[in-house]
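Engineer: The structure under discussion is supplied below as structure tokens; questions concerning it will follow.
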Amino acid sequence: MEERNHSTAPDTAQSCRCCGWGAFVVGLVAALILGWWVLPGLMKEDKKQPVAFNHVLHVQDQGISCEQCHFLRKDGSFSGLPTTASCAECHFEVLGSDPEEALFVRNYVRTGREIRGEWLVYQKQPDNVLFSHAPHLGDLETAASAAELCSRCHLDVSATTTPPVYTENRLSGYSQNTMLMWECEQCHADTRLRDPESHASNACFVCHK
């Protein structure tokens, strides 16, 4: 009887070790799935723009240039979003059969409601980031078009009939398309660009206040 107990003890220990490793592997896989897919998905929220603006209709069909709605002011600041008043210069009445245009005229133009304050900005930067478009537009000479230059940092919406889905981080309140520091440093950390004309310094105070 004692010999039987002694002979089965190593088998029992081996079985326990296998169960321990199996539980570890299962736990690790579950943690990776939870951390890489489940939790990041729960932290994101998809939102729709207040109006489904059709860029193709305006840019390709009507021949409106990007600079007519998105332009650099004299003080160097950038007017990234058109106001209700600027849109109403053309859309003071419903011009076509698009229900989104009718919605815009009814809810914004006729009421004076400002669309600019409700539009969800894909590239909204944190308050501690001081970004100026003026020094970055110097590359316009080497770009094929303004749209090509802007799409280096922004979503290229020039060929979209409806706005891309706006995905917001529930904790930070920022868009998932907000440019991260490592993306900016692709140019700012490049020593070849550090000259008086480009001012692509990598010093913290250049971009942060």
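The values are calculated or read from the model by the stated rules, or taken from the named source; none is laboratory data. Worth saying up front: this structure is predicted, and the values here are computed from it rather than measured. Positions of Cβ are backbone-derived with ideal geometry, glycine not excepted, and every protein chain shown enters the neighbour counts. Calculation scope for accessible area: heavy atoms of the full protein, side chains included, ligands and nucleic acids excluded. Shrake-Rupley method; radii C 1.70, N 1.55, O 1.52, S 1.80 Å.
Engineer: With a cut-off of 8 Å between alpha carbons and a minimum separation of six or more residues, what is the relative contact order of region 76-118 in percent? Show your work: numbers first, answer last.
Structural biologist: Values: 29 pairs, mean separation 20.0, N = 43.
It rounds to 46 percent for region 76-118.
Engineer: Shifting gears a bit: Under the 0.36 nm per residue contour assumption, what length would be gained going from the current alpha-carbon distance of E148 and N128 to full extension?
Structural biologist: Values: separation 20, 0.36 × 20 = 7.20 nm, distance 2.75 nm.
Here the answer is 4.4 nm.
Engineer: Hey, if we sort F71, F24 by accessible area with the 1.4 Å probe, largest down, what's the order? Let's see the in-between values first.
Structural biologist: Details: F71 85, F24 120 Å².
So the residues, ranked largest to smallest area, are F24, F71.
Engineer: How much length would be gained if the chain were fully extended between A31 and A159, taking 0.36 nm per residue of separation minus their Cα-Cα distance, in nm to one decimal?
Structural biologist: Working: separation 128, 0.36 × 128 = 46.08 nm, distance 4.01 nm.
Here the answer is 42.1 nm.
Engineer: So, one more: Sort I115, I33, I64 by accessible area with a 1.4 Å probe, largest first. Spell out each step's value before the answer.
Structural biologist: Details: I115 15, I33 80, I64 45 Å².
From most accessible down to least: I33, I64, I115.
Engineer: Could you compute how much accessible surface M181 exposes when probed at 1.4 Å, giving the result in Å² to the nearest 10?
Structural biologist: About 120 Å², ignoring ligands and nucleic acids.
Engineer: Given labels modelled 7 Å from the Cα in the Cβ direction, how far is it in nm from S79 to D46?
Structural biologist: 3.4 nm
Engineer: Applying 1/(1 + (r/R0)^6) with R0 = 41 Å to the Cβ-Cβ distance of E118 and F205, what FRET efficiency is obtained, to the nearest 0.05?
Structural biologist: On the way: r = 33 Å, r/R0 = 0.81.
With a Förster radius of 41 Å, E is 0.75.
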